[in-house]
Amino acid sequence: MDQRFLPRNEFHQLIDVLLAADYSVIGPQVQNGAIVYDSMTNVDQLPKGFTDAQEAGQYSLHQSNNPYYFSWAAAAQSIKPLCFKPKEVLWKSSISDQGTLNFTEPLLDVKPTAIIGVKACDIAALKLQDQHFLEQEYVDPTYKRRRESLFIISVDCAYPAATCFCHSTNDGPTNQTGFDINLTELENGFIISTGTDAGQSIVDGLQSYDISVDQLSEKSKQEKTAINQQRKLPHTDIAQTLKHAQDHQQWDDIAQRCLACGNCTAVCPSCFCHSEHDEYPLNSPEVSHVRQWDSCFNHGHSYIHGIVIRSETRNRYRQWLTHKFANWVDQYGRSGCTGCGRCISWCPVGIDVTQELAVICGEEDA
Amino acid sequence: MPKFTLPHTVEVVERIQETPTIFTLRLRFVDQKQQQDYRFQPGQFNMLYLHGIGEIPISIVSDPADEALFDHTIRVVGRVTKGLSHLQTGDQIGIRGPFGRGWPLKTALGKDVILVTGGLGCAPVVSVIRYVIRRRDLFGRLVIMQGVKRADDLIWREQYTQWEALHDTQVILAASEEKQASWPWHTGHVTNLMDKAHFNPANAIAMMCGPEPMMRAAIEPLLREGVPENDLWLSMERNMQCAIGHCGHCQYGDKFICKDGPVFPYAEIKHLFGQAGY
């Protein structure tokens, strides 16, 4: 893998080449006081000089004179919505005048899409979503279409927030795999490496430069700083501990604080739960059968013929945490957490998953 | 291979009212080729889709050898089952399936088969009863244990009488809340009548379906009698919306009931079975 250098003032080339290659380009930008991924055509839309301050129950942006485009940690929402849409029509059904029932799959208008600025936590979580939607007995057709059209330009994370713990989950902060192109942002520009042939063909279209020894040493210095993350997971075997801690009093303690709002599952890059319902428009005989993100914190999630299996918040939080850190290992060979820290920042009451795990694992002071 | 993510159109060939709230739909694919290609195992389920209302999982109750039709027996509980109950002959609905792991009928060959069910839990198990009776020589004794609350809850009443008359077949029926003297069978919980069941524990397999407390109450005496854990099979139910292991609702610990089950050997789920919140 050949590494090249692209000066910051020539970074627009990357966007131009992607647009010329007929990709829709999505990148990070500031909207309503948060960094979100949205369509872009111009390098000036990137969040230049912005850093994010994240703490339990807190998220804020701060702008400085630093020239970096990617000096922030986890965007408010992950890249999950790109392939696993918050809402998606699964099929349409209609009944003819003769009473014939007809089913059709929706026509998906999916364009090749390049996303710029994906962090290692989200790359790892995308791999988890791929495992869930593509690599089991049944393949999800809409996820597959969107996933195959996705071109990923990742960036090594050099500015972890106080909520980050991707080093502890072995998912970051630098990218080893799962990208078409990877960027390392240095003071004067970017080290570019490629992970796929598609990535290489885009890089070939750039006017780039050989990298210097100084740039490589700046990169390795940056990696060392970035892994000094403040939060980490307990050292014990979390999966086994959780399976044997189903009666732990901490579940009751959490339930005193948890609002069961489902924010954590909405921002989690790996959560896959969704519900299905019918939408019957008043002006058309065609019904859409729709899936929509759901949360194991919702009352109806465990409903079955008149009974709610998890009516108590205690059991809902226990379900979420035990699934994420224990059952996921049995289902997909690893934990479902990639250390992005979003569930900590976006929890309205500041519940910190690393803290709760520490208590349950008996490592409170670790 | 059929598409499992898009329903196929089937029509109601016959509708049978079993009790005031329970009915059976006999269905056939509109596309003849689909009907010919359709194969299922007893214990598997289909997703039944009612246009504009929604989709629900229902177990298949007919015999897999009946290739012209397949049957679903349904109790009216919610919106979709209520809508389905209004269907008439010739009406069309959508079907996805079959899904899941069915009953271990190959493992059961040559063994005494004990079937323990409660309430409408009998529907998935009735598919086994019919299966065994049609292939009677391939199995040992057949013990049918069915518990209901009241006499009215018992569907297929005449069938139980017919089954009772078959050789090597025992029917134990109990109604827990029935006070009428006209009820000819036992009163109380059927799970308390295990000592009346005649089978060889060393060569028996038990299949059960119904409320979990009932299955729990049945497991205890069966284990005590000496039936191995791996020969106790349970059909489990949880909220299911996709049936293909994606929507997450039916997760039971590390299992997806829709694709890893709905039928499980007890040993696979006993660490969670009966635990509140799972």
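The values are calculated or read from the model by the stated rules, or taken from the named source; none is laboratory data. Here the structure is a predicted model, which means the values were calculated and not measured. Cβ atoms come from the backbone with ideal geometry, glycine included; neighbour counts cover every protein chain shown.
Of all residues in segment B:84-102, how many are within 17 Å of B:Thr9 (Cα to Cα) and more than 11 Å from chain A (Cβ to nearest Cβ)?
Qualifying residue count for the region: 5.
Going by the structure shown, is A:Ser94 surrounded by fewer than 22 Cβ atoms within 10 Å (Cβ to Cβ) and either within 19 Å of A:Leu150 (Cβ to Cβ) or of a type in the set (Lys, Arg) (or both)? It would help to see each step written out before you state the result.
Details: surrounded by fewer than 22 Cβ atoms within 10 Å (Cβ to Cβ): yes; either within 19 Å of A:Leu150 (Cβ to Cβ) or of a type in the set (Lys, Arg) (or both): no.
No.
Do you know which of the residues in segment A:123-136 that are more than 10 Å from every other protein chain (Cβ to nearest Cβ), in contact (Cβ under 8 Å) with a residue 40 or more places away in the chain and in contact with a helix residue (DSSP H, G or I) (Cβ under 8 Å, 6 or more places away or on another chain) is surrounded by the fewest Cβ atoms within 10 Å (Cβ to Cβ)? Give the steps one after another, and end with the answer.
Residues of segment A:123-136 more than 10 Å from every other protein chain (Cβ to nearest Cβ): A:123-131, A:134-135.
Right, trim to in contact (Cβ under 8 Å) with a residue 40 or more places away in the chain and you get A:123-129, A:131.
Now drop any that are not in contact with a helix residue (DSSP H, G or I) (Cβ under 8 Å, 6 or more places away or on another chain), which leaves A:125-126, A:128-129, A:131.
Numbers: A:Ala125: 26, A:Leu126: 25, A:Leu128: 24, A:Gln129: 21, A:Gln131: 18.
The selected residue is A:Gln131.
Please state which one of A:Leu61, A:Leu108 is more than 14 Å from every other protein chain (Cβ to nearest Cβ) and either surrounded by 14 or more Cβ atoms within 10 Å (Cβ to Cβ) or in a loop (DSSP other than H, G, I, E, B) (or both). Give the steps one after another, and end with the answer.
On the way: A:Leu108 fails: more than 14 Å from every other protein chain (Cβ to nearest Cβ).
Step by step, each of A:Leu61, A:Leu108 is checked, and only A:Leu61 is more than 14 Å from every other protein chain (Cβ to nearest Cβ) and either surrounded by 14 or more Cβ atoms within 10 Å (Cβ to Cβ) or in a loop (DSSP other than H, G, I, E, B) (or both).
Give the residue that is nearest to the chain's Cα centre (by Cα), with candidates limited to residues of segment B:192-209 that are within 17 Å of B:Val171 (Cα to Cα) and small (Gly, Ala, Ser). Break it down into steps so the answer makes sense when it comes.
Step one: list which residues in segment B:192-209 are within 17 Å of B:Val171 (Cα to Cα), which gives B:192-200, B:204-209.
Checking which are small (Gly, Ala, Ser) leaves us with B:197, B:204, B:206.
On the way: B:Ala197: 21, B:Ala204: 19, B:Ala206: 13 Å.
By that ranking, first place goes to B:Ala206.
Whether any residue in segment A:187-204 is touching a Leu at 6+ places or on another chain (Cβ under 8 Å), over 20 Å from A:Lys221 (Cα atoms) and either crowded, with 18+ Cβ neighbours inside 10 Å or not basic (Lys, Arg) (or both) is what I want to check.
yes
Restricting the search to segment B:153-169, which residues are crowded, with 18+ Cβ neighbours inside 10 Å and either polar (S, T, N, Q) or more than 19 Å from B:Ser62 (Cα to Cα) (or both)?
B:Asp153, B:Thr169 - these are the residues of segment B:153-169 that are crowded, with 18+ Cβ neighbours inside 10 Å and either polar (S, T, N, Q) or more than 19 Å from B:Ser62 (Cα to Cα) (or both).
Kindly list the number of the only condition in (1) within 14 Å of another protein chain (Cβ to nearest Cβ); (2) within 26 Å of B:Gln17 (Cα to Cα) that fails for B:Val128.
Just one mismatch for B:Val128, condition (1).
Only one of B:Arg150, B:Arg75, B:Arg96 is in contact with a strand residue (DSSP E or B) (Cβ under 7 Å, 6 or more places away or on another chain), of a type in the set (D, E, K, R), buried (at least 22 other Cβ atoms within 10 Å of the Cβ) and in contact (Cβ under 8 Å) with a residue 12 or more places away in the chain. Can you tell me which?
Numbers: B:Arg150 fails: buried (at least 22 other Cβ atoms within 10 Å of the Cβ); B:Arg75 fails: buried (at least 22 other Cβ atoms within 10 Å of the Cβ).
B:Arg96 is the lone residue from the list that is in contact with a strand residue (DSSP E or B) (Cβ under 7 Å, 6 or more places away or on another chain), of a type in the set (D, E, K, R), buried (at least 22 other Cβ atoms within 10 Å of the Cβ) and in contact (Cβ under 8 Å) with a residue 12 or more places away in the chain.
It is to be established whether one or more residues within segment B:222-236 are more than 23 Å from B:His189 (Cα to Cα), surrounded by 24 or more Cβ atoms within 10 Å (Cβ to Cβ), at pLDDT below 95 and of a type outside the set (Lys, Arg).
No, the conditions are met nowhere in segment B:222-236.
Hey, any hits in segment A:312-320 for a residue that's modelled with pLDDT of 95 or more, within 22 Å of the chain's Cα centre (by Cα) and more than 12 Å from chain B (Cβ to nearest Cβ)?
no
With the checklist (1) farther than 18 Å from A:Ile202 by Cβ; (2) touching a residue at least 40 places away in the same chain (Cβ under 8 Å) in hand, flag the one item A:Gln45 doesn't pass.
(2)
Has segment B:214-233 got any residue that is outside the structural domain of B:Leu48 (by TED's automatic domain parsing), closer than 24 Å to A:Lys243 by Cβ and touching a His at 6+ places or on another chain (Cβ under 7 Å)?
Taking every residue of segment B:214-233 in turn, none turns out to be outside the structural domain of B:Leu48 (by TED's automatic domain parsing), closer than 24 Å to A:Lys243 by Cβ and touching a His at 6+ places or on another chain (Cβ under 7 Å).
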